[in-house]
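Single-structure report; data block below.
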Amino acid sequence: MSSGIEAGRFAMDANAKPPNIERPRTVEGLAPGYERIHTEAVERIRKLKPEDLDRSVPFFMGPPLPIREILWNMIISHGIHHRGQLTLMCRLAGGHAPGLYGPNREETAAMRAGARA
């Protein structure tokens, strides 16, 4: 999202791909790749000035959207959606999902058990 904001457009073509991005081919490459992409995105967002937030950018095939709306709806709200997906996948794989916005069911059970003891 930060690359599209910086470029002043969002598109699905090959030229819209963020710079210097390659899909990691090993598990060991995931964390360093994520860290680099995250750091670059933070640098792009930090360049924005308050008045930039009201500037509209063409957003894929839809109407132009203000940058503030892209940041809120497409980054924050969309991230919440993916946290839910991750929780579900973790549980389906037999894992214990971390508490995201408070304790999860295992943490809640442990707290209740501790309160009864």
### Query
Taking only Cα atoms, what is the 0 to 90° angle, nearest 10, from helix 78-92's long axis to the longest principal axis of the chain?
40
### Query
Classify region 21-117: rounded, prolate or oblate, from the alpha-carbon gyration tensor (a ≥ b ≥ c, eigenvalue square roots; a/c under 1.5 rounded; otherwise prolate if a/b is larger than b/c)?
prolate
#### Entry: Segment T39-L53, length gained on full extension (0.36 nm per residue, minus Cα span)
3.0 nm
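With contacts defined as alpha carbon pairs under 8 Å and 6 or more residues apart, what's the relative contact order of the chain in percent? Please list the in-between numbers first.
Details: 64 pairs, mean separation 26.6, N = 117.
This gives 23 percent for the chain.
Students often check this: by mean Cβ neighbours within 10 Å, which of 67-76, 53-62 ranks highest, and how do the rest follow? Numbers along the way, then the final one.
Values: 67-76: 15.0, 53-62: 13.0.
Packing proxy ranking, top to bottom: 67-76, 53-62.
Hey, can you find the accessible area per residue of the chain for me, probe 1.4 Å, expressed in square angstrom? List each step's numbers first, then the result.
On the way: 8970 Å² over 117 residues.
Accessible area per residue, the chain: 77 Å².
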## Note on the structure
Taking protein heavy atoms only, a 1.4 Å probe, and rounding to whole percent, the accessible area of the chain owed to carbon and sulfur comes out at 62
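The values are calculated or read from the model by the stated rules, or taken from the named source; none is laboratory data. Owing to the predicted nature of the structure, the values given are computational and were not obtained by experimental measurement. As a convention, Cβ positions derive from the backbone with ideal geometry for all residues, glycine included, and neighbour counts pool all protein chains shown. The area values use the complete protein model at the heavy-atom level, side chains included, leaving out ligands, DNA and RNA. Shrake-Rupley method; radii C 1.70, N 1.55, O 1.52, S 1.80 Å.
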